Amino acid sequence: AQLAVIETQLGNTKIFAPGAGVVARKWVVPGDIVQPGLSIFTVFDLANLWITANFEETKVGSIRLDDPVRVMVDARKGLALEGRVELIGAAAASRFSLIPPNNASGNFTKITQRIPVKISIEAARPDSTASGAPLLPGMSAEVKIRVKRT
């Protein structure tokens, strides 16, 4: 009975990721005490990458879901990836900033807001370095959306 308890306790020390990926950051060090809900690792699935592009609110009106996108990643000069608009944000990026703008002075300055647009990347081959650095989260990219005219 004591052995079963020890085996159960040892089984509770194993951590499994929800899917395949690469550990990008460890949030704990040996000796830390963890609790439920605490982030231990940040894991990225390099086979399922996307881009979040922040477009000006004046330009996002013509963007539609599933519009084709051409993506040029700064680290991979000369390589153009294809993608699609997957999601258009429901609020301006400033709504989620740590310190939201506060205009208590009574003077109003209109600032064009940015709307996040999620772009899926098709056939990115993230492990291929034949044409440059591998694709990694956080890299800079230039995106061009081909909007459909109606």
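The values are calculated or read from the model by the stated rules, or taken from the named source; none is laboratory data. What you see is a predicted model, and the numbers here were worked out from it, not measured in a lab. Cβ atoms come from the backbone with ideal geometry, glycine included; neighbour counts cover every protein chain shown. Ligands, DNA and RNA are excluded from the accessible area calculation, which covers all protein heavy atoms including side chains. Shrake-Rupley method; radii C 1.70, N 1.55, O 1.52, S 1.80 Å.
The table that follows gives values for the structure above.
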{"read-out": "Qualifying residue in segment 90-101 (condition: part of a strand (DSSP E or B) and of a type outside the set (K, R))", "value": "no"}
{"read-out": "Total residues in segment 19-51, condition loosely packed, with under 10 Cβ neighbours inside 10 Å and within 22 Å of E86 (Cα to Cα)", "value": "1"}
{"read-out": "Hits in segment 80-111 (condition: modelled with pLDDT under 75, exposed (fewer than 10 other Cβ atoms within 10 Å of the Cβ) and either among the aliphatic types (A, V, I, L, M) or in contact with a helix residue (DSSP H, G or I) (Cβ under 6 Å, 6 or more places away or on another chain) (or both))", "value": "L98, I99, A104"}
{"read-out": "Members of segment 1-18 that are open to solvent by less than 80 Å² (accessible area, probe 1.4 Å) and over 29 Å from G138 (Cβ atoms)", "value": "A4, V5, I6, G11"}
{"read-out": "Residue ID - modelled with the highest pLDDT, chosen from residues in segment 112-147 that are hydroxyl-bearing (S, T, Y) and over 17 Å from G78 (Cα atoms)", "value": "S120"}
{"read-out": "Tally of residues being under 18 Å from V147 (Cβ atoms) and open to solvent by 60 Å² or more (accessible area, probe 1.4 Å) across segment 57-79", "value": "7"}
